[in-house]
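The values are calculated or read from the model by the stated rules, or taken from the named source; none is laboratory data. Computed from a predicted model, the values in this text were never measured in an experiment. Positions of Cβ are backbone-derived with ideal geometry, glycine not excepted, and every protein chain shown enters the neighbour counts. Only protein heavy atoms, including side chains, enter the accessible area calculation; ligands, DNA and RNA are left aside. Shrake-Rupley method; radii C 1.70, N 1.55, O 1.52, S 1.80 Å.
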Amino acid sequence: QVQLVESGGGLVQAGGSLRLSCVASGINFNINAMGWYRRAPGKQRELVVTITSGGETNYADSVKGRFTISRDNAKNTVYLQMNSLKPEDTAVYYCNAPVRAPISKRLIDYWGRGTQVTVSS
């Protein structure tokens, strides 16, 4: 079955950095787009960034220039390097893999359990 396991969250002061990792299993990682989303307290889950199998990226305006997504296909891992963190970046960060079902071709979203990022002011 599909599993996405995030790690790397924690508590950091404003201006600091963290790197999140997401290891995927049960999918053809090399051809799959991946993404990071986040849910701040009292808010809905929102897109942070996505990356296609070809490396094309799409960042939320709020993180452009501060966050960088990358992928290592040999390790089935996607990373999120977060620099210049702000208190408003505090959220649970989720790894996402939209997988196309083999028969119906319907896209199914798979999610990790999330990792907490807390940025203190």
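May I ask you to verify whether ARG45 is under 20 Å from SER17 (Cα atoms) and surrounded by 12 or more Cβ atoms within 10 Å (Cβ to Cβ)?
no
When only residues in region 58-83 that are of a type in the set (D, E, K, R), within 18 Å of LEU4 (Cβ to Cβ) and over 12 Å from the mean Cα position of the chain (by Cα) count, which is least open to solvent (accessible area, probe 1.4 Å)? Spell out the reasoning first.
First, the residues of region 58-83 that are of a type in the set (D, E, K, R): 61, 64, 66, 71-72, 75.
Then keep just the ones that are within 18 Å of LEU4 (Cβ to Cβ); that gives 71-72, 75.
Going one step further and asking which of them are over 12 Å from the mean Cα position of the chain (by Cα), we end up with 72, 75.
Details: ASP72: 45, LYS75: 127 Å².
Among them, the one singled out is ASP72.
Return yes or no: is GLY55 open to solvent by less than 60 Å² (accessible area, probe 1.4 Å) and in a loop (DSSP other than H, G, I, E, B)? Steps first, answer last, please.
Numbers: open to solvent by less than 60 Å² (accessible area, probe 1.4 Å): yes; in a loop (DSSP other than H, G, I, E, B): yes.
It is true that GLY55 is open to solvent by less than 60 Å² (accessible area, probe 1.4 Å) and in a loop (DSSP other than H, G, I, E, B).
If you scan region 28-42, which residues turn out to be more than 20 Å from GLY9 (Cβ to Cβ) and open to solvent by less than 30 Å² (accessible area, probe 1.4 Å)? So that I can check it myself, show each step before the final result.
If we filter region 28-42 for residues that are more than 20 Å from GLY9 (Cβ to Cβ), which is where we start, we get 28-33.
Correct list: PHE29, ASN32.
Among the candidates TYR93, TYR110, single out the residue that is part of a strand (DSSP E or B), in contact with a Leu (Cβ under 8 Å, 6 or more places away or on another chain), under 23 Å from GLN13 (Cβ atoms) and at pLDDT 95 or above. Don't jump to the end; show me each part of the working.
Working: TYR110 fails: under 23 Å from GLN13 (Cβ atoms).
On inspection, the qualifying residue turns out to be TYR93.
Give the number of residues within region 1-27 that are surrounded by 13 or more Cβ atoms within 10 Å (Cβ to Cβ), of a type outside the set (A, V, I, L, M) and closer than 15 Å to VAL99 by Cβ.
3
Check region 67-86 and report whether any residue there is outside any strand (DSSP E or B), touching a Lys or Arg at 6+ places or on another chain (Cβ under 8 Å) and without any contact (Cβ under 8 Å) to a residue 40 or more places away in the chain.
Among the residues of region 67-86, not one is outside any strand (DSSP E or B), touching a Lys or Arg at 6+ places or on another chain (Cβ under 8 Å) and without any contact (Cβ under 8 Å) to a residue 40 or more places away in the chain, which makes the answer no.
Answer yes or no as to whether SER104 is at positive phi, open to solvent by 20 Å² or more (accessible area, probe 1.4 Å) and not in a strand (DSSP E or B). If you could, list the steps in order and put the result at the bottom.
On the way: at positive phi: no; open to solvent by 20 Å² or more (accessible area, probe 1.4 Å): yes; not in a strand (DSSP E or B): yes.
Criteria not met by SER104.
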